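First up is the structure itself, then whatever we jot down about it.
The values are calculated or read from the model by the stated rules, or taken from the named source; none is laboratory data. Given the structure is predicted, the values throughout are model-derived calculations rather than measurements. Positions of Cβ are backbone-derived with ideal geometry, glycine not excepted, and every protein chain shown enters the neighbour counts. What goes into the accessible areas is simple: the full protein's heavy atoms, side chains included, and nothing from ligands, DNA or RNA. Shrake-Rupley method; radii C 1.70, N 1.55, O 1.52, S 1.80 Å.
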Amino acid sequence: MTTMALDPAGGGRDSAELARRHGGWYAELISAKGQETADGSTTAAMVVRYRLDGAPVIVDVGGGYGGGVTIRLKDNGIEPTSFNGATESIEKTKDGQLTFANKRAEVWWKFREALDPDQPDGSAIALPPDPELRADLCPPTWKLGAVGYCSKEKTEAAGSGT
């Protein structure tokens, strides 16, 4: 395992999602209903259960649900990396032509670039055949704004922002 990423739900209607990466190969997502991961301890336990090889752990803290998980992981000797998609990005697209409005836009675009089968040697990314993952990857669109590339998800209309 080269890394794992957690999108905590914090007890809400949404599910917590745990992604495990082995080089370019991604294992099936592990989902846990919000009620099953209502606090930092139970969510951290999910990470500890599935973590292999001392893999780095990235926790999405942008929605405010990652704080408790981060504390519990540290209590268990795991130093997670916090990810907040709203923070500033200083990166550029692969061709160096565009900047990004924030880290969320950067990550979406860079993953898009990594999936491109027309790049030299093709894409090294192998995703699991997961209908929920496919549905999650389809909605984002983009637009070019004054501050660079911006991602725009269908859920934006519901107030989640970009």
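Please enumerate the residues belonging to region 101-141 that are at pLDDT 90 or above, over 27 Å from Glu28 (Cβ atoms) and surrounded by 15 or more Cβ atoms within 10 Å (Cβ to Cβ).
The answer is Asn102, and nothing else.
Filtering region 1-15 down to residues that are among the aliphatic types (A, V, I, L, M) and out of contact with any Leu (no Cβ under 7 Å at 6 or more places or on another chain), which residue is least open to solvent (accessible area, probe 1.4 Å)?
So, considering only residues that are among the aliphatic types (A, V, I, L, M) and out of contact with any Leu (no Cβ under 7 Å at 6 or more places or on another chain), the one least open to solvent (accessible area, probe 1.4 Å) is Ala9.
Given region 18-87, what strands (runs of 3 or more DSSP E) lie entirely inside it while holding 2 or more residues that are modelled with pLDDT of 90 or more and of a type in the set (Gly, Ala, Ser)?
30-33
How about region 1-16: which of its residues are over 17 Å from the mean Cα position of the chain (by Cα) and either among the hydrophobic types (A, V, I, L, M, F, W, C) or under 19 Å from Asp136 (Cβ atoms) (or both)?
Hits for region 1-16 are Gly12, Arg13.
Is at least one residue of region 17-31 of a type outside the set (Asp, Glu), open to solvent by 70 Å² or more (accessible area, probe 1.4 Å), under 24 Å from Glu132 (Cα atoms) and under 17 Å from the mean Cα position of the chain (by Cα)?
Scanning region 17-31, I find at least one residue that is of a type outside the set (Asp, Glu), open to solvent by 70 Å² or more (accessible area, probe 1.4 Å), under 24 Å from Glu132 (Cα atoms) and under 17 Å from the mean Cα position of the chain (by Cα), so the answer is yes.
For residues in region 47-62 being open to solvent by less than 60 Å² (accessible area, probe 1.4 Å) and not acidic (Asp, Glu), which is nearest to Met4 (Cα to Cα)?
Val57
So how many residues does region 115-130 have that are touching a residue at least 24 places away in the same chain (Cβ under 8 Å) and closer than 25 Å to Gly62 by Cα?
Here the count works out to 2.
From the list Ile90, Ile78, Ile71, which one is open to solvent by less than 20 Å² (accessible area, probe 1.4 Å) and farther than 24 Å from Leu137 by Cβ?
Sole residue among the options that is open to solvent by less than 20 Å² (accessible area, probe 1.4 Å) and farther than 24 Å from Leu137 by Cβ: Ile78.
Among the residues of region 40-57, are any without any contact (Cβ under 8 Å) to a residue 12 or more places away in the chain and β-branched (Val, Ile, Thr)?
Yes, some residue in region 40-57 is without any contact (Cβ under 8 Å) to a residue 12 or more places away in the chain and β-branched (Val, Ile, Thr).
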